[in-house]
Structure formats: structure tokens, C-alpha cells
1. What is the distance in Å between the Cα centroid of region 175-208 and that of region 108-147?
2. P(r) for region 45-117: what percent of alpha-carbon pairs falls in each 5 Å bin, starting at zero?
3. Taking N as the number of residues in region 108-212, what value does Rg over Cα atoms divided by 2.2 N^0.38 Å take?
4. Please work out the Cα center distance from region 258-328 to region 46-105, rounded to the nearest Å.
5. Order of 277, 263 from fewest to most other C-beta atoms within 10 Å?
6. Between 304, 103, 151, which gets the highest mean-square fluctuation from a Gaussian network model of the chain, Cα cutoff 10 Å?
7. Would you work out the relative contact order for region 68-158, in percent, from Cα pairs under 8 angstrom that are 6 or more residues apart?
8. Quick check on region 158-199: what are the equivalent-ellipsoid semi-axes from the Cα gyration tensor, as sqrt(5λ), descending, whole Å?
């Protein structure tokens, strides 16, 4: 569950007084999928938005690890086979981005973590920690280097026989960006897409979209808000999705190297140039120590991070050097 990101319009609208904002929402991928777009022609925007939601559905049929016959799950059934499986352009692209993210984060983000994630989903449902032996067996299936891509045939080989892929840390941000780009290609230059808390947006002109960030462990917003134009923003944390067992909070975010749900009460907000990057960076920076997270962000062009952690009842905050420039005080 993403730490709440609230969005509001913040601009001088006199320059496009004949346009108005249209808001659309449908349940997609287990959470609300919201689209806000400025347009003049209501008939065109309704038709275009219907197409946009169809695109979301088509990508979910490819990326979902919940749907038994998704392309992702069918690929996982080929684990251990010594042949390459040709995949669709949409799956190929996100797998490429995912492996680059894994390399960049030194495995803090890893899409081969599916078996471990399923164990922790069961833990949150049944309120019982995974058995050590079962968890250790699942950890053996984790390792992004066992995912081999063949550029020539656009094929994928999973060399570990037990690999189960999970795109949960990148897919929503990726899809949000696809929809923003879809509207832009059709001539709409002021659009924001919220895919369950992963936000991608475009704003042509002055001012921009106003984004509010929750205070950790609270439904209140920070007194400062973000003004963004052509960025994406994602927040990852354990504000809602966690399980409390034996006096510890275990997050829904799992460390790929240990197989354990994170126990730090930490929220991470990342600003990036595209939705997929913001999404995976928020996950990776949650797994990494603060020092390593800041180092990772520094290596990523045009990316910034805000980290908030609750320790001994106090909220501690760190942020990258450029994050502050996006903040504006509440009037």
C-alpha cells in the first residue's frame, strides 16, 4: 500500500479558461485508478478515457501476478527450462527496465521475489509468520541474475526452476506513465494519473500539479506540498499494509536478500522523470539503509527522495539535495 499522496490543481487558469478539468476513476489492479485531465471537448475526452482504461486492463493481463493466465505467470511456469520464451513488447520492455533497476540497486529491487512475497501475503492474512524452513526454501528462488534476456529474439529464460516473477514494485508506476503518454500523444498536455498511489503527470505551462504528502503514521498532510509538472512521484511504506506479530511490525515490502518483511517504520517518497523509475526507486530505497538510499538517488539523474522514519515515537527525516526545490509552503 502506498503512503497517501493527495493531488490538487494549483495554477493560474486564466490562460486556458475555456478548458475544464475532467476526473475519472475505476477500480484497477486492486485499487482506484484515477485520471485527471484538462480538455475542451467532453465527447472526445470521454471516448479517449474509455480507451485509456482498456489499455490499463490489457497491461494488467500481461503484468499481474494474481491472474493465473497472465503473461507474467505463464512465463514463470517456464522456469528452469533451457529455452528462451518469446514475450510481448509490453512485457519485454518492463522486464528490461526491471533488470536495469535490479543492477542499479544491487538487488534491493528484484522481480524474482514472487515466492517470498506470496508467503508474506499469507502471513498478513493469517497473522502467522512463515515457517523458517519454507521461507529459506523460497529465498533460494530469488536472484535477478537468473533472469536472462535475449535481445535478438526478445525472449526470456529463467534459469532457476523455482523462480516466480512479481512486478508489484514497478508495474503500477509503469502503467501510469503509459497512460500519461497516451493522452499526450492525443494532444492533451495537462494530465495526472494516479495508479493506486503511484502518480505520473504532465503539465505544459507555468505552475503545475499540487501534491500533498502524508505525515508518517497519520492521515494528516505535511504543511508543505509539492508542485510538479513533468515528473512522477511514488511513496512506499508500511502505513497501512503491515502485520503486527510478537511486538514487531512487518511491512508488506520484503527485503529480497533476507526474505523478511521490513520492520523499520519508514516511508519513502521519490520524485523521478517517469512512473516506473519512481515506483521501483521507492521500493529499493525502503529496503536500503538511509545512507545507501541517498547514494542510489544521487546516482540517478533528475531523481530526488524524502525519507521519514519513526523511531522511539519521533519522526526523523532525510532528503536528497534537490528535493526541497519542489516544496512550497501551504498558504
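1. 34 Å
2. Histogram of Cα-Cα distances, whole percents per bin: 3, 13, 19, 23, 19, 11, 5, 4, 1, 0.
3. Cα-based Rg divided by the globular estimate yields 1.48.
4. What the calculation gives is 26 Å, centre to centre.
5. Working: 277 27, 263 13.
Sorted ascending by nearby Cβ count, the order is 263, 277.
6. Of 304, 103, 151, the most mobile in the Gaussian network model is 151.
7. Dividing the mean separation by the residue count of region 68-158 yields 41 percent.
8. Semi-axes, largest first: 31, 12, 4 Å.
Each value in this text was obtained by applying a stated rule to the coordinates, not by laboratory testing. Quick caveat: nothing in here was measured; it's all calculated off a predicted structure. Using ideal geometry, Cβ is built from the backbone for each residue, glycine included, and neighbour counts are taken over all protein chains shown.
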